[in-house]
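The structure appears below as structure tokens.
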Amino acid sequence: MRSLVFLSAEGEGFVPPSSNDFELPPVFGNSAFTTKPILMVFLSVILVSVFFILSSRKAAIIPSKFQFAGESVYAFVRNDLARDVIGHEFMRFVPYLFTLFTFILTNNLFGIIPLLQFPTMSRVSFPYVLAITVYLVFHYVGIRKQGAWKYFKEIMFMPGVPKAAYILITPLELLTFLLVRPLTLSLRLFANMFAGHLLLLVFILGGEHLLQGVIGLKLISPFAFLIGIVLTFFEFMVQCLQAYIFTLLAALYIAGALADEH
Amino acid sequence: MATRDENAAWSIIGYLLSGLLFWGAVGWALDKWLGTSFLLLTGLIVGAASGIYLVWLRFGRE
């Protein structure tokens, strides 16, 4: 086994996938605005819009399968995410949370859809922008609801704590609310998509490379492809989960900003 | 309440992280300023401790 690997290493070298594989050239023209991730974002907007417009246009009492699929997603976001987390004021946040969820889910799923096969969110700017919108929304909502002074006072000074302890924990509360929350929110999504795509690249490109080796390596390559396929299903799970977690956390942050007392 | 537990699970990571980050950074800056080398470690320990204390304040006491 070891010598077989060695043999293949003597031939044309295997270039392991790296972060360079995520920097894609423009699809057409010479502009940075025509790269694959950006075109895929536009595609996702079109797909999500068309899907939900079509599934709700001919809404009937007895829903078609198509309508049922659209309504299930909507009901999931409205009931399980917005209503359960935010409480009685949930309805005005449903459009935002619904958009977040479907947008992220579609873009994540691009990672395993044949021919597209690139998760848009593995480019860190997209999660950054999404996290910035969440950041603006939950601080805005909190300040509108409680007034700027009261909102920040609630963040900084928790009731029922000895005064001396504020020196230790007030900076942490501020840092958590103002920096760590949006940062972890975006980096969690980015890192999951990035690592998942890299993992698939390793096994599928590795399998392809083994296929070009000597006969012993050819026999091993199906296992690499098999793991690649298993990991693709695993990725599907991760992609759904990450879209859910991002939306759940957005809802939790909004709920926290709305709550009168923490 | 399920929401409260979910909230706790995700907030704890953030609080522990900011504890280390903030007081670690303070210790590091003091080290630079005073030319010492033990304050970074002190800061990290203080940060971890106050992060855990904050988690307990928020979610531990009922």
Cut-off under 5 Å, modelled amide H: who pairs with A:Thr35 long-range: A:Val27
Lysine pairs within chain A, Cα separation less than 27 Å, 8 or more sequence positions apart or different chains: 4
Note, ³J(HN,Hα) from phi for the range A:222-230, Karplus 6.51, -1.76, 1.60, rounded to Hz, x at Gly and Pro: x, 5, 4, 5, 4, 4, x, 5, 4
Taking all pairs of distinct alpha-carbon atoms in chain B, Kirkwood radius in angstrom: 12.3
Pairwise label distance in nanometres, A:Val202 with B:Ile12, each label 7 Å out on the Cα-Cβ vector: 2.9
Residues of the range B:37-51 buried by at least 10 Å² on assembly (accessible area, 1.4 Å probe, chain alone as reference): B:Val46, B:Ser50
In degrees, nearest ten, helix B:2-34 long axis to first principal axis of chain B (Cα): 10
Accessible area in the full protein assembly, largest first, 1.4 Å probe, for A:Arg92, A:Arg83: A:Arg92, A:Arg83
About the Cα centre, charge dipole magnitude for the protein assembly as shown (Lys/Arg +1, Asp/Glu -1 at Cβ), debye: 660
Loop sites in the range A:109-164: chymotrypsin sites (Phe, Trp or Tyr not before Pro), DSSP, at most 15 other Cβ within 10 Å: A:Phe157
Sparse-neighbour loop sites [trypsin sites (Lys or Arg not before Pro); the range A:34-80; at most 10 other C-beta within 10 Å; DSSP]: A:Lys58
Where Rh is the Kirkwood radius over Cα pairs, Rg/Rh for the range A:154-262: 1.30
Residue-averaged [θ]222 nm for the protein assembly as shown, counting only DSSP H segments that reach four residues, each worth -39500 (n - 2.57): -24000 deg cm²/dmol
Accessible area buried at the A-B interface, both sides summed, 1.4 Å probe (Å², nearest 100): 2000
Directionally averaged shadow of the protein assembly as shown, computed from the convex hull of its alpha-carbon atoms, nm²: 24.7
In Hz, Karplus ³J(HN,Hα) per residue of the range A:239-251 (6.51, -1.76, 1.60; θ = phi - 60°; x = Gly, Pro): 5, 5, 4, 5, 4, 5, 5, 4, 5, 4, 5, 4, 5
Accessible area of chain A divided out per residue, in Å², using a probe of 1.4 angstrom: 55
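The values are calculated or read from the model by the stated rules, or taken from the named source; none is laboratory data. Computed from a predicted model, the values in this text were never measured in an experiment. Virtual Cβ from ideal backbone geometry, glycine too; neighbours counted across all protein chains shown. What goes into the accessible areas is simple: the full protein's heavy atoms, side chains included, and nothing from ligands, DNA or RNA. Shrake-Rupley method; radii C 1.70, N 1.55, O 1.52, S 1.80 Å.
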